């Protein structure tokens with residue numbers, strides 16, 4: 001069944017291991033960023049988020065989990081505006097409600113992406129039927145274009 005699985009596009013054990021390593025590194029980075037956001041909630045001191053692991057592992061995640069990659073890309077793209085919202089202050093060091101909403105929304109979105117990333121890295125190996133159906137879907141999408 002090995003050659004048939006490969007023919008249908010199943011990831012190799014090495015590809016699955018690379019995805020697990022990449023997901024683990026990015027998951028730790030996201031957890032650290034959530035912790036920084038939590039510290040900001042307590043101290044209201046601006047923070048700078050980390051993004052090195054995502055940049056390092058982006059291609060691996062893109063190849064193995066394109067849907068998760070898109071969500072990660074959006075979350076990481078919103079980091080600068082979130083950091084800026086943390087830096088802005090009003091009278092008496094207050095935070096505008098729209099800045100607070102932006103920060104909290106980003107944090108919630110990152111938690112969701114983190115769950116999706118973990119799920120994709122820990123997903124069981126797809127069945128032959130699932131591989132076949134995915135291949136058909138890809139062929140159909142390609143013919144529509």
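Quick notes
- Considering only alpha-carbon pairs that sit under 8 angstrom and 6 or more positions apart, the relative contact order computed for the chain is 32 percent.
- Tilt relative to the chain, helix 97-121 - C-alpha long axis, 0 to 90 degrees, to 10: 30
- One Cα centroid belongs to region 85-145, the other to region 24-47; the line between them spans 17 Å.
- Principal-axis analysis of the Cα atoms of the chain puts helix 128-144 at an angle of about 80° to the longest axis.
- Cα long-axis angle, helix 66-77 against the chain (0 to 90 degrees, to the nearest 10): 20
- Where only alpha carbons of the chain are counted, the Rg and the Dmax (Å): 19.2, 67
- Dividing the summed helix terms, -39500 (n - 2.57) for each DSSP H run of n ≥ 4, by the number of residues in the chain produces a 222 nm estimate of -26000 deg cm²/dmol to the nearest 500.
- Placing R0 at 30 angstrom, the Cβ-Cβ distance between residue 78 and residue 134 gives a FRET efficiency of 0.50 after rounding to 0.05.
The numbers here are math on the coordinates, done by the rules we state, and not lab data. Bear in mind that the values here come from a model prediction, so they are computed numbers and not experimental data. For neighbour counting, all protein chains shown are included, and Cβ atoms are generated from backbone atoms with ideal geometry for every residue, glycine included.
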